[in-house]
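In what follows, a structure is listed as C-alpha cells, so that the remarks can point back to it.
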Amino acid sequence: LQDTISIKSTLNNNMRTDSSLPPGIASTKIPYLLILVSFVLQIPLTDALSTVIPSSSTSTPNNIITTPVVICPGFGNDQIDYLTPLSQPRELGLVSCLERRGFQPDRISIVPVQRSDWIRVAGGLLDIGFYTCKAQPTGGGYGWYVKRLKETIDRAYEESHGEKVLVIAHSAGGWLARAAMGDGTWCDEDGEEGVVVRTSDRIKCLVTVGAIHRPPPDASTCATRGALSYTEENYPGAFLKEEGISYVSVGGDAIVGNDDEHSPEIRTDADEVYGIRGEGSSSRVAFTSYKAVGGDGSMTGDGVVPLPWTQLDGARQIQLDGVLHSINEAGTTLPTDRWYGSEGVIDRWLPTVLEEAGITTKDAAVGGGLGLESFQKWAKEKVEEAQNMFSS
C-alpha cells in the first residue's frame, strides 16, 4: 500500500467528475485513492463518504420507492403549499421531504387545487340538502374536489403502470378522501359491462394528517352542512380495511384551547399577531376552532383540529407532541417548521405508514441518504480499474 501511494500520490488530489456514478451521487467529485484505501484497509465507506461527499438537505437519494403518492390539500390550501410553502425554498415543502426519503419525483402528485377553488364550496347553497344538513360530499359543495381527487389517483395509477397509490390527505382532504373511496366501488370499467373496479384496486393506503373525521356533537353546527356526517355514517372508520387498504391517522398535540382573555406569560410571534387583531393568543384561537369542530374548546390539538377528532377508528393512530396543523401559524402568514409535513416532523409518522402499507425500501433508509450497497458496487469497479492501471 505504501508503494502504491508513493507511485500514485497525485491521485489523492485528483478530484474528478464521473458520469458513471450511481444515482444520487452523479456529478459528485470523488478521490480515487480514498476509495482504494477504504477497501484495502476495510475502513467503512460511510466514514469515507462523510469526508468527500458534501452533505446537503437538498441532495437526491436513490429513488427506490416506486409507490405513487397523491397528496390531498386541506381546506383553503393550494397545491403550491406542498411544494414551496409561503414562497419559501422548495426544500422546505412536503414534496421535497418525500423525495429525500426515496419517493420518485415523477410519481408524486398533488390534487390540482388553487386557493380560489374553495369558493366552489358556496355551490352547496344551491343544494337543498345544505339547508337541512343533509348535504353529500359529492354534491354542489365538495363534489368538484372529490372528482379531481379520483382523477388524480387514476392518473397516478396509470402512469405508474398499475401500482396502487399511497394517499396522503391533509386536513379536510382526509375526510374528502374517505368520501371518494366510498363504499369500495371505485368505478365501472369502461367498455366492459359488468366489470367493477374496486377502490382497493387503486389505493394501497390512506394516511390522514390533521384531518377531521367526525362531525361535532351537534351536527347542525357542522360547517360541511351534512357532508362530513354522511361520510362518517356511510363509510365509518377504516371502512375498507378488510379489503386490504391500510389506514393511518396522524394528529398533533400542540396547543390546549383556553378562552382566557389574559395574555400568556410566554408570547410567540403568532401571539403578537393575535393580540393586535384582538384574538388574544394562540390558545384562545385554538379554543374557538376546537369548539367549532368538536363542541369543546378546552381540548388539546394541533391548533385547528382537536386531537380526538384526528384519530380515525380502526386506523393505526399516531399522536405527535408539539405538531401544528399546517404550513403557517393558524390564521396568519407566519410560516412554521413544526407542521406534519416539515423536515423535522415527517419521520415521526412516515416510517409507520410504510410499515402499515407494506412499502419496503432497498439500499436506503427512511430519512434520506445514499444507497450504500449501490455505492460499494460502483466503488469496487473503480478499484479494479485502478488495480489494472497500477499493474500495467
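The values are calculated or read from the model by the stated rules, or taken from the named source; none is laboratory data. Please read all numbers here as calculations on a predicted model, not as lab measurements. Cβ atoms come from the backbone with ideal geometry, glycine included; neighbour counts cover every protein chain shown. In case anyone asks, the SASA skips ligands and DNA or RNA and just uses the protein heavy atoms, side chains included. Shrake-Rupley method; radii C 1.70, N 1.55, O 1.52, S 1.80 Å.
The residues packed around Ser229, meaning those with a beta-carbon under 12 Å from its beta-carbon, carry a net charge of 0 if Lys and Arg are +1 and Asp and Glu are -1.
Count Lys and Arg as plus one, Asp and Glu as minus one, and take only other residues whose Cβ is under 15 Å from that of Asp296; the net charge is then +1.
With a 1.4 Å probe and all protein chains kept in place, how do Ser283, Ser249 rank by accessible area, largest first?
Details: Ser283 30, Ser249 0 Å².
The residues order as Ser283, Ser249, largest area first.
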